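Student: The structure's right below; bear with me while I get my questions together.
The values are calculated or read from the model by the stated rules, or taken from the named source; none is laboratory data. Please read all numbers here as calculations on a predicted model, not as lab measurements. Cβ: placed from backbone, ideal geometry, glycine included. Neighbour counts: every protein chain shown.
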Amino acid sequence: MMKLESMLRANNQVTDYKINIHQIKSFEMFFVKGKLETVRRTNTCDTQVTVYVSHGEFLGNADFLVYPSTTDEELAELISQAAAKAMLIDNKPYSLPEDETGTYNVESNFAGIRPEDLAATISNIVFDANKLPNGSLNSVEVFLNQHQETVINSRGLNKSQVRYDAMVEAIPTYNGKEQSVELYEQYNFSSLDEASLHQEIADMMLAVKARYEASKPQQKLECKVVLNKQELKELFFSISNHLRYSSVYTHSTVFKKGDAIQKEPTGDSISITMAGAVEGNVRSTKFDSDGLSLGQQKIVEKGKVLAYFGDNQYGQYLGETPTGSLRCLCADTGSLTQEDLDEAPYLEVISMSGLQVDFFSDYIGGEVRLAYYHDGQKLIPVTGISISGSVSQVLNTIRLSSKTATQDGYTGPDKALLSDMKIF
């Protein structure tokens, strides 16, 4: 690394530089029809160099990768090529973070456990969750990753961190009299909650049976719609993406500070905080790719835009103190209880092709692959339908559950009740 920095400093065209090193140690287990077929360990390390070049009134940048096999001659050529490319980029100038050093650990209960022991525990939980007659897990894959990330730049910044994550991929299958039905499940987490993992797989086993039994409703459904954590993640991240510095700077947002996201609220108020690290959240990190230390920033409070957030470059362009790239979204819970849901018929979305949210056209909706219709007495699996509505009206009347769930980068209500949705 000292040789790389020395060569970067020796190039007269290079104004500044940044080096991102990412080492991943992984342990992987592959099961086919319940039988362990393959165990694999990997150890990879990627080094990305960003070269910054001041030219006239502008600051350009370009990236390149360095491999263990890269020779000194090749490295010198890569630096020169990157500097030449950076000369073609006409960005406004901005400064890099300076004079920060530190070594950090992102909190996880994976730390200190042998990966083979942890993977065995996870796989046992997954297979134990299948209690479904005629149900099976045809394929299960368990991935454990330890990440060691380092950021170094020409302004005296040198930070390292260790973080962990895991992913379970499974193919739940239901073998009916007429056919077999499969679903795909991917579950990501950075701390092991055995009960949550067990419930996740058990719910998916029930869902694959429901998918086998599901049919298109014979008559039009007119009722409220319930979204679960996957779709809520997509909805709330759609809001937060409009409040990034980059979106504000490029005028690709419908919101500005002080605007009401909920203009005439009659449901639960929405509050959103972006954070660097949240326990159990796979996107948790102590600093971003520029090396900025990450804290928290509340961006929506009681339905109104409070602040923006984002990376170093666009934060400076807007004259803000950069928050850094906060990747964890925390949404406040609401007042919705199961007793509230039981009062009236509703359609609970289990799987969608992807929730579409467009604030410019005031639309929310998408194709529903599987849902449960709760008619007040029984639960009916349905498929072959779509939902749509006005996103502004949905946000006005949304009811948020009082129970918290985590889904990838999202931590917040596990369910939401939507009014005024069309089902067709």
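Student: Could you identify the single residue in GLU185, GLU149, GLU169 that is within 21 Å of GLU116 (Cβ to Cβ) and acidic (Asp, Glu)?
Tutor: Only one candidate passes the filter, namely GLU169.
Student: Looking at LYS131, LYS85, can you tell me which residue is assigned by TED's automatic domain parsing to the domain that holds TYR184 and loosely packed, with under 12 Cβ neighbours inside 10 Å?
Tutor: The match here is LYS131.
Student: Could you grab me the full set of residues in the range 130-167 that are aliphatic (A, V, I, L, M) and closer than 30 Å to LYS209 by Cβ? Spell out the reasoning first.
Tutor: From the range 130-167, those aliphatic (A, V, I, L, M) are 132, 137, 140, 142, 144, 151-152, 157, 162, 166-167; that's our starting set.
Answer for the range 130-167, where residues must be aliphatic (A, V, I, L, M) and closer than 30 Å to LYS209 by Cβ: LEU132, LEU137, VAL140, VAL142, LEU144, ALA166, MET167.
Student: Still on this structure, please answer the following. Taking the options THR70, THR50, name whichever one is closer than 27 Å to ASN145 by Cα and outside any strand (DSSP E or B).
Tutor: THR70
Student: Just give me the residues in the range 192-245 being outside the structural domain of SER386 (by TED's automatic domain parsing), under 21 Å from ALA275 (Cβ atoms) and of a type in the set (D, E, K, R), in sequence order.
Tutor: ASP193, the sole residue that qualifies.
Student: Please go through the range 73-109 and pick out each residue that is assigned to a strand (DSSP E or B), β-branched (Val, Ile, Thr) and within 27 Å of the chain's Cα centre (by Cα).
Tutor: Passing the criteria: only THR103.
Student: So which strands (runs of 3 or more DSSP E) stay within the range 205-316 end to end and still have 2 or more residues that are touching a residue at least 60 places away in the same chain (Cβ under 8 Å) and touching an Asp or Glu at 6+ places or on another chain (Cβ under 9 Å)?
Tutor: The qualifying strands (runs of 3 or more DSSP E) are 224-228.
Student: Does ALA195 qualify as being modelled with pLDDT of 95 or more, more than 19 Å from CYS328 (Cβ to Cβ) and in a helix (DSSP H, G or I)?
Tutor: Numbers: modelled with pLDDT of 95 or more: yes; more than 19 Å from CYS328 (Cβ to Cβ): yes; in a helix (DSSP H, G or I): yes.
Answer is yes for this residue.
Student: Next question. Restricting attention to the range 336-365, which residues are surrounded by 12 or more Cβ atoms within 10 Å (Cβ to Cβ) and among the hydroxyl-bearing types (Ser, Thr, Tyr)?
Tutor: Across the range 336-365, the qualifying residues are THR337, TYR346, SER351, TYR363.
Student: Continuing with the same structure: Which ones in the range 177-217 are of a type in the set (D, E, K, R) and over 14 Å from ALA405 (Cβ atoms)?
Tutor: LYS177, GLU178, GLU182, GLU185, GLU194, LYS209, ARG211, GLU213, LYS216
Student: Hey, VAL248 hits all of (1) under 23 Å from TYR372 (Cβ atoms); (2) in the same structural domain as LYS378 (by TED's automatic domain parsing); (3) buried (at least 19 other Cβ atoms within 10 Å of the Cβ); (4) of a type outside the set (Ser, Thr, Tyr) but one; which does it fall short on?
Tutor: The one condition VAL248 does not meet is (1).
Student: THR411 - would you say it is in the same structural domain as GLU301 (by TED's automatic domain parsing) and under 30 Å from PRO97 (Cα atoms)?
Tutor: yes
Student: For TYR187, only one of the following conditions fails: (1) within 17 Å of the chain's Cα centre (by Cα); (2) of a type in the set (Ser, Thr, Tyr); (3) closer than 27 Å to ASP340 by Cα. What is its number?
Tutor: Single failed check for TYR187: (3).
Student: Considering only the range 257-282, state which residues are within 21 Å of ILE364 (Cα to Cα), of a type in the set (D, E, K, R) and at pLDDT 95 or above.
Tutor: Start the filter on the range 257-282 by keeping residues that are within 21 Å of ILE364 (Cα to Cα), which leaves 259-272.
Next cut, of a type in the set (D, E, K, R) only: 259, 263-264, 268.
Scanning the range 257-282 gives ASP259, ASP268.
Student: Pairs, please: C-beta under 6 Å, at least 6 apart or cross-chain, first residue small (Gly, Ala, Ser) and in the range 334-360, second assigned to a loop (DSSP other than H, G, I, E, B) and buried (at least 18 other Cβ atoms within 10 Å of the Cβ)?
Tutor: GLY334/ASP268; SER335/ASP268
Student: Just the residues that are touching a residue at least 24 places away in the same chain (Cβ under 8 Å), in a loop (DSSP other than H, G, I, E, B) and out of contact with any strand residue (DSSP E or B) (no Cβ under 9 Å at 6 or more places or on another chain), please, taken from the range 110-144.
Tutor: The answer is LYS131, and nothing else.
Student: So, one more: Can you tell me which residues in the range 289-308 are surrounded by 23 or more Cβ atoms within 10 Å (Cβ to Cβ) and either within 30 Å of GLN146 (Cβ to Cβ) or out of contact with any Leu (no Cβ under 8 Å at 6 or more places or on another chain) (or both)?
Tutor: Of everything in the range 289-308, those that are surrounded by 23 or more Cβ atoms within 10 Å (Cβ to Cβ) and either within 30 Å of GLN146 (Cβ to Cβ) or out of contact with any Leu (no Cβ under 8 Å at 6 or more places or on another chain) (or both) turn out to be GLY291, LEU292.
Student: Checking the structure you have, find out if any residue of the range 171-178 is part of a strand (DSSP E or B), surrounded by fewer than 20 Cβ atoms within 10 Å (Cβ to Cβ) and in the same structural domain as ASN43 (by TED's automatic domain parsing).
Tutor: Yes: one or more hits.
Student: Looking at ASN43, is it among the polar types (S, T, N, Q) and either surrounded by fewer than 13 Cβ atoms within 10 Å (Cβ to Cβ) or more than 30 Å from LEU292 (Cβ to Cβ) (or both)?
Tutor: Yes.
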